[in-house]
Amino acid sequence: MLQYNRLMSIDVRHPKELRAAIRGGKLTRTTAGLAPDYVQANLAVLPKEQAYDFLLFCQRNPRSCPLLEVTDAGSAEPKGVAPGADLRTDIVKYRIYKHGEVVDEVTDATAYWRDDLVAFLLGCSFTFEQAMVQAGVRLWHLENEKAVAMWRTNIECRPAGVFHGPMVVSMRPIRPGDLSKAVTASARFPGAHGAPVHIGDPAAIGITDVQKPHYGDAQHMASGDIPVFWACGVTPQAVALASKPPFMITHSPGHMFITDLPNSALSAL
């Protein structure tokens, strides 16, 4: 436990400082465990022509895509959750999609930004992870500075306009004695994916190998650990692969946008 406490004490800094470090190229790791008391967010950026359909998609799939912010067309400033921030530069790593294919991965998206782009910020499981830690639940990926494991599933999202595709889930190995605490802590945050969507057998949701994630890092499963799955904000990237919009910018999995919102702002209790 000492290693985990050391990690958290080093990484507790204000979001503005962390965003400045990211912008300056001084912070290049995943953002898991950083600014643990603040909301982190998934990013999806689309041309205005597809933005209404995506907004409707988020409304119909709130477990996977809980909306925190929608910018004005052309604006890279998320004024509601991080005034003064720049969505083109303040994320460690971005993915650029064209017609459903990843064509580039960059640390600065400025060259790809256009005046017709609308940015969507979606709640992230890092918010409920902090609540789980405070409840005494150990999380292997945080203790080992890894990204959480994520998979595309056989659970289909409710389609909206041009957008359709599978739900992506994240998985955390949970000790049996911690299961009720993990479920209760995450359920407090519906704006950050809420309670698990599945507990137990990975094959039931189309995951054939729990040690081979589609995104992120494989997790260590100790004897008796239960795989617990939550809806994940990487879902829009799976939707991009399935729906093939002409252009889309997202964060690279595990590299989130750090907002100025305290986690308590998303708590339902």
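Quick notes on this structure:
- Sorting the segments 68-77, 36-45 by their mean number of nearby beta carbons within 10 angstrom, highest to lowest, gives 36-45, 68-77.
- In plain terms, the C-alpha convex hull of the stretch 42-194 casts an average shadow of 10.0 nm² when viewed from every direction.
- Reduced Cα scattering model of the stretch 179-269, Debye log10 I(q)/I(0), q = 0.10, 0.16, 0.22 Å⁻¹: -0.35, -0.89, -1.34
- Highest to lowest packing among 189-197, 230-238, 21-29, scored as the average C-beta count within 10 Å: 230-238, 189-197, 21-29
- Centroid-to-centroid separation of the stretch 26-80 and the stretch 205-269 [C-alpha atoms, Å]: 13 Å
- Partnerless cysteines, meaning none of the other Cys C-beta atoms lie under 4.7 Å away, in the chain: Cys124, Cys157, Cys232
- Under the Debye formula (equal points on every Cα, no solvent term), log10 I(q)/I(0) of the stretch 126-235 at q = 0.10, 0.21, 0.24 Å⁻¹: -0.27, -1.18, -1.51
- Ordering Asp115, Asp178 by the number of other Cβ atoms within 10 Å of each residue's own Cβ, fewest first, gives Asp115, Asp178.
- Segment Ala187-Asn154, extension gain: residue separation times 0.36 nm, minus the distance between their alpha carbons: 9.6 nm
- Packing around the peptides 202-210, 162-170, taken as the average count of other Cβ atoms within 10 Å per residue, puts them in this order, highest first: 162-170, 202-210.
- Fewest-first sequence of Thr153, Thr89 by Cβ atoms within 10 Å of each Cβ: Thr89, Thr153
- Calculation over all alpha carbon pairs of the stretch 201-249 in 10 angstrom steps from 0 returns a P(r) of 19, 46, 25, 9, 1 percent.
- Using Cβ point charges alone (K and R +1, D and E -1), the dipole size of the stretch 99-203 about the Cα centre works out to roughly 620 debye.
- Calculated mean residue ellipticity at 222 nm for the chain: -6500 deg cm²/dmol, from DSSP H runs with n ≥ 4 weighted as -39500 (n - 2.57), summed, divided by the residue count and rounded to 500.
- A simple spin-label model places the labels of Asn144 and His14 3.5 nm from each other, with each point 7 Å out along Cα-to-Cβ.
- Residue order, fewest to most beta carbons within 10 Å, for Ile226, Ile258: Ile226, Ile258
- Think of each Lys and Arg Cβ as +1 and each Asp and Glu Cβ as -1; about the Cα centre, that makes the dipole of the chain roughly 280 debye.
- Viscosity 1.306 mPa s, 10 °C: Kirkwood-radius Stokes-Einstein D of the chain over Cα pairs, µm²/s: 86 µm²/s
Bear in mind these aren't lab numbers, they're just calculated from the coordinates by the rules spelled out. None of these values were measured; they are calculated from a predicted model. All Cβ positions, even for glycine, are placed from backbone atoms using ideal geometry, and neighbour counts span all protein chains on display.
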